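Reviewing the structure listed below.
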Amino acid sequence: MEKHVVTLPIDPQKYPNQKIYIGHTHPDEGNAQSVMSAAKAAAGAQRDGEFPDIIAKALLIRMYAEWDERYRHQIAEEFSVEPKCVRSDLVGDLRRVRHWIVHSKSVVGADVTKICVLPWKLVEGDALRVTSAMFREFVDCINSMQVKVGT
């Protein structure tokens, strides 16, 4: 297992310009993968800040991958149909969101008009920020998710 070294300031309010170094070695070795000010790190870690947005997007991408590569195939096998015959409107919405994140640098695409289950208020061309409220809405949608199996 690789060792990660994180150097944190004592008080980002008192020392906002202090640098935070994230990497596999001590900062003095000059191999940090990321460097930022304590103030930026503190702001990014707030509810609906940059870090929770990144984590939420990573989870959405992973959830779509699990559906597409695993669960869809298991359902198809159970019903003796091809995986393409197993559909979900929610996962169709998630596929679009994933595409915007991965291929459009988190910019909402023109196909936003095809979103049919997610209750998110999205506008074509806007930057996609996944807030805690949006993620809760997504989880609520999962809890009532419907899957259609057909030929």
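The values are calculated or read from the model by the stated rules, or taken from the named source; none is laboratory data. Just so you know, these numbers come straight off a predicted model, no measurement behind them. Cβ sites come from the backbone with ideal geometry, for glycine too, and all protein chains shown count toward neighbours.
Just one residue in the set GLY92, GLY44 is small (Gly, Ala, Ser) and in contact with a strand residue (DSSP E or B) (Cβ under 9 Å, 6 or more places away or on another chain); that residue is GLY44. Just checking, how many residues over the stretch 121-141 are part of a helix (DSSP H, G or I), over 13 Å from VAL97 (Cβ atoms) and not hydrophobic (A, V, I, L, M, F, W, C)? Going through the stretch 121-141 one residue at a time, the tally reaches 3. Just one of the listed residues (ILE55, ILE101) is in contact with a Leu (Cβ under 8 Å, 6 or more places away or on another chain), part of a helix (DSSP H, G or I) and either at negative phi or in the same structural domain as MET145 (by TED's automatic domain parsing) (or both), namely ILE101. In this structure, GLY44 does not satisfy being surrounded by fewer than 14 Cβ atoms within 10 Å (Cβ to Cβ), modelled with pLDDT under 90, farther than 21 Å from LEU118 by Cβ and not polar (S, T, N, Q).
Out of all the residues in the stretch 76-88, is one or more in a strand (DSSP E or B), of a type outside the set (A, V, I, L, M, F, W, C) and within 20 Å of PHE138 (Cβ to Cβ)?
Step one: list which residues in the stretch 76-88 are in a strand (DSSP E or B), which gives 86-87.
Within this subset, residues satisfying the condition of being of a type outside the set (A, V, I, L, M, F, W, C) are 87.
Narrowing the set further to residues that are within 20 Å of PHE138 (Cβ to Cβ) leaves 87.
Checked the stretch 76-88: at least one residue is in a strand (DSSP E or B), of a type outside the set (A, V, I, L, M, F, W, C) and within 20 Å of PHE138 (Cβ to Cβ).
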